[in-house]
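Peer 1: The structure under discussion is supplied below as structure tokens; questions concerning it will follow.
All of the numbers you see were taken from the coordinates with simple rules; none came from a lab. What you are looking at is a predicted structure, and each value in this text was computed from that prediction instead of being measured. We place every Cβ from the backbone using ideal geometry, glycine too, and count neighbours over all the protein chains shown.
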Amino acid sequence: MKIAAICLAYLGKPDGVDCLAEYFSSTGTSLFVHVDAKVDDTPYRSLVSKWPHVSLLADRLPIYWGGFNTVRAIIRACEVASYADSFTRYLVITEDTIPLLSRAKYLDLMASDVEFIETHRTQNPKIIERYEKFFYFDSGTTSARPTAILDREVSPEMLLGINRLQQLRARGKAVLPALCHGSGWFGLTNLSIDKIRRSYHEDPYLRESFEYSAVPEEQYFQTILGPISNARKLVFTDWSRSPKPFVFRSGEEFSTLNTGQTMFLRKVALGSRAIGDFVQGLA
């Protein structure tokens, strides 16, 4: 069994990736790290020499919340991994994520036939509107999150993107048998990843329809795969406390969480000694 873990990094400090690398080091898991192109990747480079199972993606994209570049980065990372080796399982997580289970339990679950992804048909009109309406978040100019004034300059690339949006609006988006929704973090078998990659390359109409949707990593992969009877959640996120999602800072805050068989927890405060001690204490 060979596992590829795709880690999306964006915070500019390697603490979280280093923690994940230590956990994965004895499990046969290769860690492929995509650092947001808006962030200096220098602090992460030392991890490659420290951990032989860690690779940094050379081809980086600027990641904007809610934009399609998150999907692109995940696809590219999965393809880089597939060219490097024959993996049986692909995980997608972020650098502010930590494991919750022992390494032995993690490997047992990875060896199962379970697809670790949330995917279900949705009839929520607000979720449906994320697909049916037209959005463009993949630039500093149109970012949904706070951005410095000078970073909002209109670029030629942004204008090309808006032009394609206009063409798609005139054509209309792809009609879906069903829109599926769920968390963007997953642990899929190579068969499911191959299905996603084929759709990405062979169905540009569907791909572009989601490119101009909102938060597509919560719908695109899920819609391609459809509902899965044996699917389970990979990452636990606490949306019940503020700030949402809640940021865990100490072992006491999450050690008693009723997460069941959930393998990972997001979000955590990077650099916390309590967090590091908890992960190191996992057998």
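Peer 1: Using only alpha-carbon positions, what ratio does the radius of gyration of the chain give when scaled by 2.2 N^0.38 Å?
Peer 2: The chain yields a ratio of 0.99.
Peer 1: Note down the nm distance, to one decimal, between modelled labels 7 Å out along Cα→Cβ at Tyr83 and at Ser102.
Peer 2: 3.9
Peer 1: Can you give the alpha-carbon Rg of the stretch 15-120 over 2.2 N^0.38 Å, where N counts its residues?
Peer 2: Scaled against compact globular proteins, the figure is 1.09.
Peer 1: Whose amide H sits under 5 Å from the amide H of Leu265, counting only residues 5 or more places off or on another chain, with H placed in the peptide plane?
Peer 2: So Leu265 has HN proximity to Ile98, Leu100, Phe236.
Peer 1: Okay, next question. Count the lysine pairs in the chain that are 8 or more places apart or on different chains: how many have C-alpha atoms under 18 angstrom apart?
Peer 2: Here the count comes out as 9.
Peer 1: Quick check on the chain: helices-only [θ] at 222 nm, where DSSP H runs of length 4 and up contribute -39,500 (n - 2.57) each and the sum goes over total residues. Nearest 500, please. Write down the numbers at each step before the final one.
Peer 2: Values: 11 runs with 106 residues, N = 283.
The helix-only estimate for the chain comes to -11000 deg cm²/dmol at 222 nm.
Peer 1: Taking the Cβ of each residue in Asp203, Asp113, Asp96 as the centre, tally the other Cβ atoms inside 10 Å and list the residues starting with the fewest. Spell out each step's value before the answer.
Peer 2: Details: Asp203 13, Asp113 7, Asp96 22.
By the 10 Å Cβ count, ascending: Asp113, Asp203, Asp96.
Peer 1: With a 10 Å Cβ neighbour count serving as the proxy for reagent exposure, in which order, fewest first, do Trp185, Trp51 appear?
Peer 2: Taking fewest neighbouring Cβ atoms as first place, the list is Trp51, Trp185.
Peer 1: Rounded to two decimals, what ratio of Rg to Rh does the stretch 179-249 give with C-alpha atoms and a Kirkwood Rh?
Peer 2: Numbers: Rg = 14.2 Å, Rh = 13.7 Å.
Using Cα coordinates only, the ratio equals 1.04.
Peer 1: Take the alpha-carbon positions of the stretch 1-43, form their convex hull, and give its projected area averaged over all directions (one quarter of the hull surface) in nm².
Peer 2: Dividing the Cα hull surface by four gives the mean projection, 2.9 nm².
Peer 1: If you build the convex hull over the alpha carbons only and average its shadow over all orientations, what do you get for the stretch 152-283? Give it in nm² to one decimal.
Peer 2: Details: hull surface 48.3 nm².
Dividing the Cα hull surface by four gives the mean projection, 12.1 nm².
Peer 1: Return the ratio Rg/(2.2 N^0.38 Å) for the stretch 133-191, where Rg is computed over Cα atoms only.
Peer 2: This ratio for the stretch 133-191 stands at 1.53.
Peer 1: Next up: Within a 10 angstrom radius of the beta carbon, how do Phe32, Phe246, Phe221 rank from fewest other beta carbons to most? Don't skip to the answer; put the middle values down first.
Peer 2: Working: Phe32 23, Phe246 17, Phe221 27.
Least crowded to most crowded, the residues run Phe246, Phe32, Phe221.
Peer 1: If the viscosity is 1.306 mPa s and the temperature 10 °C, what Stokes-Einstein diffusion coefficient in µm²/s follows for the stretch 183-223 when Rh is the Kirkwood radius over Cα pairs?
Peer 2: 149
Peer 1: Can I ask one more? Can you list residues from other chains, or at least 5 along the same chain, whose modelled amide H is less than 5 Å from the amide H of Ala37?
Peer 2: Those qualifying (amide H under 5 Å, at least 5 residues apart or on another chain) are Leu61, Ile63.
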